[in-house]
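This report refers to the structure that appears directly beneath it.
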DNA sequence: CTGCTCGGCCTTTTT
DNA sequence: GGCCGAGCAG
């Protein structure tokens, strides 16, 4: 659940905005004009304070249009918008992330900035492809540095507002010099494709505000009040935007907590918050130190850890909450037992009536660790949602269809052209495409336009030539329907491109799943259109690309939430499990070289710990499987920093457990695990625990016991019959044929159905 | 020239 | 476990 949801007072509708606030909170809400810095410790009710402040300003007569509120995720933006509207009905304030704001400004002021407003937003995959092309055209063999690393370098440069030329001046090591060699080419390639990467969405507006005084003045006057949440995680570009929007009207209110700065690696600069008073000498500073979220035990533990950071202003969180359960450190033998142990504990809790599934969250440092958990959840029939990296829109089939759509909106889009042109197969191979690209570049035209002139490209003949001509005709035809609502257009793409036919004809199970997924893409677009019919295909695509991981998180459903520590920022849960608190994972091994990086890892740990309201469990294993290898894992240094009164439970996974694979191994070899932690027992000699056989079955318990043939009732479409089921866990899809609406595919976990007749 | 398959390589965190 | 590139068959 989001921060503050637990406080009933947030449900005040149109009532007194101030009555239930502390003196400090009230001061922050009522602060009039001028810069304001709110240093808000974890759990101090900051979201609530910003929301109330916006509502307060509105009640004071400030026009909604002159308020700009910046949040860290689109989800947080939506929530704030709704809460403000509940407090001050009829007032829609502009709440957005920095990136969405940037995209909006770029499109709105496209003419003044001389850009094409139909630009495509490139995600990291797209970015890396462009980097790769740039590396190739610069003749740099990408053996030394991966496109990802180079792309990261370019990203950092842009976040620091360095132009290719400026960056060149600062490049004094081999890596930066390599980055410098492709940075300019990279930008050119983006512009040719009429594409923006994530960083451009900040870089270009920041530059425009810096260099175009007229535009700056306009926007400063338009957004007289600017509020920024999570200010400790702003980078230089975001800082520039904030500052330039707050020169003539210095009503800039920033909220943050230096102890929760966890994005230094992507350019965020803790100095922005530390130096706020220097940037705005008239700033008022309000500190919110009282914590309303956690028990004393949890706060003491979190405080003990974070106080080991040297680069830090000392501060202590206090709470009136009770002492609560002791913080637990759970030690497991291996990752499998850890996953099972955590899931079993959660299940026990729920079955004992102590908590609901939705009260639990499991955090981890890296996405890869979610996999073992997923199996355990499925095996024990515990409902869960992984707030994850590999999301719905990242699946191949959806990316393919989205490539068509992007190319429709922006015919210059090179990456999307290359993705869509031979999917389904049209007999256009690598060589023909290289020739087409060369032709397009020589004639300074888009790839799609070049495909339209394929007759002029003498070295493309036969199948490839026909395929390209067909593809160009297809896109021309589809483009004439661009004004259709997004879902209609997607259907048209699926039919006319042959993509649907390809999946239907294939007969592979996997392709049936894919078909269900692209059908669901249609549903998603239809929903998008239903929410606001004024938004078109371009808006749909933008929303998908700019959506953050937590945006897809369903906080209302009764399931355990699983996510990375980064995604957990800003959330709170009664019971929290932190997985794999081990040296090399938290702190991550890539951070071990520098003390300042370790401090960021410690802040990350702190963020995770302070999400917990009632109970906090820190888990680690003796053995960690990684890349198919089992390695001995050392407990994290952060565990040593905990206060003495934490409860340490060893071999926590043995409770309620069948004999584990490692127990069997131990019995067989007659060795005590702890005594042989050295090289003569390698994973290949049998140490690697055999995974307990886990079949991807449907979780039992929850209402997912539909089967093909069952008759169900849907609240919107009425009675229907289940015609197909596919996938499992969160990915489980159910296909239902309705009398009136025809066949629809749903996510089984999400769809609300009433069983009419079992099969 | 195209398209499929197999094997080697890498793996933090994200808008 | 997943992606890319090399190698091979049509």
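With (1) in contact with a strand residue (DSSP E or B) (Cβ under 7 Å, 6 or more places away or on another chain); (2) away from DNA strand B (no atom under 15 Å from the Cβ) as the list, and residue A:171 as the residue in question, which single condition is left unmet?
(1)
Regarding residue A:159, is this residue in contact with a helix residue (DSSP H, G or I) (Cβ under 9 Å, 6 or more places away or on another chain), within 16 Å of DNA strand C (Cβ to nearest atom) and under 20 Å from residue A:265 (Cα atoms)?
Numbers: in contact with a helix residue (DSSP H, G or I) (Cβ under 9 Å, 6 or more places away or on another chain): yes; within 16 Å of DNA strand C (Cβ to nearest atom): no; under 20 Å from residue A:265 (Cα atoms): yes.
Spelling it out, it is not the case that residue A:159 is in contact with a helix residue (DSSP H, G or I) (Cβ under 9 Å, 6 or more places away or on another chain), within 16 Å of DNA strand C (Cβ to nearest atom) and under 20 Å from residue A:265 (Cα atoms).
Among the residues of segment A:141-155, what is the count of those that are modelled with pLDDT under 90 and more than 13 Å from DNA strand C (Cβ to nearest atom)? Before you say what the answer is, go through the steps one by one.
First, the residues of segment A:141-155 that are modelled with pLDDT under 90: A:141-153.
Retained after the next criterion (residues that are more than 13 Å from DNA strand C (Cβ to nearest atom)): A:144-145, A:149-150, A:152-153.
Looking only at that region, the number is 6.
Which residue out of A:418, A:448 is over 30 Å from residue A:550 (Cβ atoms), in a helix (DSSP H, G or I), within 37 Å of the chain's Cα centre (by Cα) and within 16 Å of DNA strand B (Cβ to nearest atom)?
A:418
Looking at (1) free of Cβ contacts under 8 Å to residues at least 12 places away in the same chain; (2) farther than 19 Å from residue A:229 by Cα, find the lone condition where residue A:82 falls short.
Among (1) free of Cβ contacts under 8 Å to residues at least 12 places away in the same chain; (2) farther than 19 Å from residue A:229 by Cα, the lone unmet condition for residue A:82 is (2).
Conditions (1) surrounded by 20 or more Cβ atoms within 10 Å (Cβ to Cβ); (2) within 21 Å of residue A:368 (Cα to Cα), marked per residue:
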position: A:552; (1), (2): no, yes
position: A:555; (1), (2): no, no
position: A:584; (1), (2): no, yes
position: A:590; (1), (2): no, yes
position: A:596; (1), (2): no, no
position: A:636; (1), (2): yes, yes
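Just name the residue that is nearest to DNA strand B (Cβ to nearest atom) out of those in segment A:117-157 that are outside any helix (DSSP H, G or I) and closer than 23 Å to residue A:408 by Cα. Write out each step before concluding.
Just the residues of segment A:117-157 that are outside any helix (DSSP H, G or I), to begin with: A:117-123, A:138-146.
Retained after the next criterion (residues that are closer than 23 Å to residue A:408 by Cα): A:117-123.
Details: A:117: 20, A:118: 20, A:119: 16, A:120: 15, A:121: 9, A:122: 10, A:123: 7 Å.
That would be A:123.
Quick check on residue A:353: is it on the phi > 0 side of the Ramachandran plot and out of contact with any strand residue (DSSP E or B) (no Cβ under 9 Å at 6 or more places or on another chain)?
Numbers: on the phi > 0 side of the Ramachandran plot: yes; out of contact with any strand residue (DSSP E or B) (no Cβ under 9 Å at 6 or more places or on another chain): yes.
The answer is yes for residue A:353.
Suppose the filter is within 16 Å of DNA strand C (Cβ to nearest atom) and either assigned to a helix (DSSP H, G or I) or surrounded by 19 or more Cβ atoms within 10 Å (Cβ to Cβ) (or both); does residue A:466 pass it?
On the way: within 16 Å of DNA strand C (Cβ to nearest atom): yes; either assigned to a helix (DSSP H, G or I) or surrounded by 19 or more Cβ atoms within 10 Å (Cβ to Cβ) (or both): yes.
Judged against the criteria, residue A:466 is a match.
Of everything in segment A:110-127, what is under 20 Å from the mean Cα position of the chain (by Cα) and crowded, with 18+ Cβ neighbours inside 10 Å? Give them in sequence order.
If we filter segment A:110-127 for residues that are under 20 Å from the mean Cα position of the chain (by Cα), which is where we start, we get A:120-127.
Scanning segment A:110-127 gives A:120, A:121, A:122, A:126, A:127.
Collect the residues in segment A:127-137 that are within 11 Å of DNA strand C (Cβ to nearest atom) and more than 17 Å from residue A:266 (Cβ to Cβ), keeping them in residue-number order.
Initial filter on segment A:127-137 (within 11 Å of DNA strand C (Cβ to nearest atom)): A:128-129, A:132-133, A:135-136.
Listed by number, the residues that qualify are A:129, A:132, A:133, A:135, A:136.
If residue A:542 meets every condition in (1) more than 30 Å from residue A:104 (Cα to Cα); (2) within 15 Å of DNA strand B (Cβ to nearest atom); (3) surrounded by 16 or more Cβ atoms within 10 Å (Cβ to Cβ) apart from one, which number is that one?
Looking at each condition in turn, residue A:542 falls short on (1).
Can you work out which of the residues in segment A:368-392 that are closer than 20 Å to residue A:555 by Cβ and in a helix (DSSP H, G or I) is nearest to DNA strand C (Cβ to nearest atom)?
A:374
Within 28 Å of the chain's Cα centre (by Cα), assigned to a helix (DSSP H, G or I) and either within 16 Å of DNA strand C (Cβ to nearest atom) or in contact (Cβ under 8 Å) with a residue 40 or more places away in the chain (or both), is that true of residue A:107?
Working: within 28 Å of the chain's Cα centre (by Cα): yes; assigned to a helix (DSSP H, G or I): yes; either within 16 Å of DNA strand C (Cβ to nearest atom) or in contact (Cβ under 8 Å) with a residue 40 or more places away in the chain (or both): no.
No: the conditions fail for residue A:107.
When residues of segment A:564-596 are filtered for being free of Cβ contacts under 8 Å to residues at least 12 places away in the same chain and part of a helix (DSSP H, G or I), how many remain? Please lay out each step first, then the result.
So the first thing to find is which residues in segment A:564-596 are free of Cβ contacts under 8 Å to residues at least 12 places away in the same chain, and the list is A:589-594.
Next cut, part of a helix (DSSP H, G or I) only: A:589-591.
Within segment A:564-596, residues that are free of Cβ contacts under 8 Å to residues at least 12 places away in the same chain and part of a helix (DSSP H, G or I) number 3.
So is residue A:478 closer than 19 Å to residue A:520 by Cβ, away from DNA strand B (no atom under 16 Å from the Cβ), in a helix (DSSP H, G or I) and modelled with pLDDT of 90 or more or not?
Working: closer than 19 Å to residue A:520 by Cβ: no; away from DNA strand B (no atom under 16 Å from the Cβ): yes; in a helix (DSSP H, G or I): yes; modelled with pLDDT of 90 or more: yes.
No.
Has segment A:322-331 got any residue that is at pLDDT 90 or above and within 16 Å of DNA strand B (Cβ to nearest atom)? Talk me through it step by step, then tell me what you get.
Within segment A:322-331, the first condition is being at pLDDT 90 or above, and the residues that meet it are A:322-331.
Cutting the leftovers down to within 16 Å of DNA strand B (Cβ to nearest atom) gives us none.
Within segment A:322-331, not a single residue is at pLDDT 90 or above and within 16 Å of DNA strand B (Cβ to nearest atom).
Could you list, in sequence order, the residues of segment A:281-299 that are closer than 17 Å to residue A:323 by Cβ and either in a loop (DSSP other than H, G, I, E, B) or more than 30 Å from the chain's Cα centre (by Cα) (or both)?
Our first condition is that a residue be closer than 17 Å to residue A:323 by Cβ; within segment A:281-299, this holds for A:290-299.
Hits for segment A:281-299 are A:292, A:293, A:294, A:295, A:296, A:297.
Within segment A:363-381, can you find the residues that are more than 16 Å from DNA strand B (Cβ to nearest atom) and out of contact with any strand residue (DSSP E or B) (no Cβ under 6 Å at 6 or more places or on another chain)?
If the condition is that a residue be more than 16 Å from DNA strand B (Cβ to nearest atom) and out of contact with any strand residue (DSSP E or B) (no Cβ under 6 Å at 6 or more places or on another chain), then A:375, A:376, A:378, A:379, A:380, A:381 are the ones that fit.
Name the single residue, out of those in segment A:162-193 being in a loop (DSSP other than H, G, I, E, B) and in contact with a helix residue (DSSP H, G or I) (Cβ under 6 Å, 6 or more places away or on another chain), that is nearest to residue A:265 (Cα to Cα).
Start the filter on segment A:162-193 by keeping residues that are in a loop (DSSP other than H, G, I, E, B), which leaves A:162-163, A:171-173, A:193.
From what's left, in contact with a helix residue (DSSP H, G or I) (Cβ under 6 Å, 6 or more places away or on another chain): A:171, A:193.
Numbers: A:171: 18, A:193: 28 Å.
So, considering only residues that are in a loop (DSSP other than H, G, I, E, B) and in contact with a helix residue (DSSP H, G or I) (Cβ under 6 Å, 6 or more places away or on another chain), the one nearest to residue A:265 (Cα to Cα) is A:171.
Would you mind telling me which numbered condition in (1) loosely packed, with under 13 Cβ neighbours inside 10 Å; (2) within 30 Å of residue A:530 (Cβ to Cβ); (3) touching a residue at least 24 places away in the same chain (Cβ under 8 Å) residue A:480 fails?
(3)
Any residue in segment A:342-354 that's under 15 Å from residue A:381 (Cβ atoms): show its pairings with residues that are assigned to a helix (DSSP H, G or I) and at pLDDT 90 or above at Cβ separation under 6 Å, as long as the two are six or more apart or on different chains.
The qualifying pairs are A:350/A:357.
Of the residues A:148, A:168, A:136, which is within 27 Å of the chain's Cα centre (by Cα) and surrounded by fewer than 19 Cβ atoms within 10 Å (Cβ to Cβ)? Reasoning before the result, please.
Working: A:168 fails: within 27 Å of the chain's Cα centre (by Cα); A:136 fails: within 27 Å of the chain's Cα centre (by Cα).
Of A:148, A:168, A:136, the one residue that is within 27 Å of the chain's Cα centre (by Cα) and surrounded by fewer than 19 Cβ atoms within 10 Å (Cβ to Cβ) is A:148.
Looking at A:454, A:437, which one is free of Cβ contacts under 8 Å to residues at least 24 places away in the same chain, within 12 Å of DNA strand B (Cβ to nearest atom) and surrounded by 15 or more Cβ atoms within 10 Å (Cβ to Cβ)? Can you show your working first?
Working: A:437 fails: within 12 Å of DNA strand B (Cβ to nearest atom).
Matching residue, one of A:454, A:437: A:454.
The values are calculated or read from the model by the stated rules, or taken from the named source; none is laboratory data. Source: prediction; values computed, not measured. As a convention, Cβ positions derive from the backbone with ideal geometry for all residues, glycine included, and neighbour counts pool all protein chains shown.
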